[in-house]
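Worksheet: the structure to be examined is printed underneath.
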Amino acid sequence: MNLLTAKQTAFAHHVADGLTASEAYRRAYSGNPNKTTTRREAHQVRHNPAVSALIDELRKEAAALKLVDRTTKRRVLTQIICDRDMDPRIRLEAIKLDNAMTGDNAPVKMEGEITLGTILKEIQSTTGLPSQDAKRC
């Protein structure tokens with residue numbers, strides 16, 4: 001059995017998190033300023049069979065955690081938002097999260113005459129707010 005050092009383990013975690021091998025090496029091994037040496041050493045650590053196996057295992061674990069898709073997340077947030085018995089602060093936080101997921105917190109550009117009606121119409125068209133006849137919570 002091939003045991004990894006703390007630095008090799010840290011390197012594997014950094015690579016599994018999406019860093020390049022060179023950047024992972026710099027972070028795990030306290031950074032070597034020489035790019036050629038860093039690249040060579042990073043390559044050697046990356047291709048150590050035990051390190052590669054840990055990277056693969058960490059990536060599989062991360063992929064398994066991402067099984068909840070966007071639609072499911074939005075469905076859960078909608079349930080929280082519509083639950084009138086839920087603490088209002090939690091409901092507002094769910095609204096903020098949903099807005100961040102959909103981009104509804106982005107600035108809205110308006111042109112022409114600005115009236116309350118045009119503002120509401122523009123907000124509905126750009127943020128995906130339900131229309132007047134849509135089912136509400």
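Give me the pairs: first residue in the range 60-85 and touching a residue at least 12 places away in the same chain (Cβ under 8 Å), second residue of a type in the set (Gly, Ala, Ser) and open to solvent by less than 80 Å² (accessible area, probe 1.4 Å), beta-carbon distance under 8 Å, and six or more apart or on different chains, which are they?
ALA62/ALA16; LEU77/ALA94; ILE80/ALA94; ILE81/ALA94
Report yes if THR115 is within 17 Å of the chain's Cα centre (by Cα) and β-branched (Val, Ile, Thr), otherwise no.
No; evaluated as a whole, the condition is false for this residue.
Just the residues that are modelled with pLDDT under 70, within 22 Å of ARG84 (Cβ to Cβ) and surrounded by 13 or more Cβ atoms within 10 Å (Cβ to Cβ), please, taken from the range 95-137.
none
Within the range 8-52, count every residue that is in contact (Cβ under 8 Å) with a residue 24 or more places away in the chain, of a type in the set (Val, Ile, Thr) and under 18 Å from ALA62 (Cβ atoms).
Total satisfying the criteria: 3.
When you look at VAL45, is it part of a helix (DSSP H, G or I) and either among the hydroxyl-bearing types (Ser, Thr, Tyr) or open to solvent by less than 100 Å² (accessible area, probe 1.4 Å) (or both), yes or no? Show your work before the answer.
Values: part of a helix (DSSP H, G or I): yes; either among the hydroxyl-bearing types (Ser, Thr, Tyr) or open to solvent by less than 100 Å² (accessible area, probe 1.4 Å) (or both): yes.
So VAL45 passes the test.
Before we move on, is ILE80 out of contact with any strand residue (DSSP E or B) (no Cβ under 6 Å at 6 or more places or on another chain), over 29 Å from THR20 (Cα atoms), aliphatic (A, V, I, L, M) and modelled with pLDDT under 90? Full working, then the answer.
Values: out of contact with any strand residue (DSSP E or B) (no Cβ under 6 Å at 6 or more places or on another chain): yes; over 29 Å from THR20 (Cα atoms): yes; aliphatic (A, V, I, L, M): yes; modelled with pLDDT under 90: no.
So ILE80 does not fit the description; no.
Tell me which residues, restricted to the range 48-80, are basic (Lys, Arg), under 30 Å from LEU92 (Cβ atoms) and not in a loop (DSSP other than H, G, I, E, B). Can you show your working first?
We begin by selecting, within the range 48-80, every residue basic (Lys, Arg); these are 59-60, 66, 70, 73-75.
Next, from what is left, pick out any that are under 30 Å from LEU92 (Cβ atoms): 66, 70, 73-75.
Selection gives ARG70, LYS73, ARG74, ARG75.
Could you check LEU19 against (1) modelled with pLDDT of 90 or more; (2) assigned to a helix (DSSP H, G or I) and say which number it fails?
Against the list (1) modelled with pLDDT of 90 or more; (2) assigned to a helix (DSSP H, G or I), LEU19 comes up short only on (2).
The values are calculated or read from the model by the stated rules, or taken from the named source; none is laboratory data. Keep in mind it's a predicted model, so treat the numbers as computed, not measured. Please note: Cβ atoms are built from the backbone with ideal geometry, for glycine as well, and neighbour counts cover all protein chains shown. The area values use the complete protein model at the heavy-atom level, side chains included, leaving out ligands, DNA and RNA. Shrake-Rupley method; radii C 1.70, N 1.55, O 1.52, S 1.80 Å.
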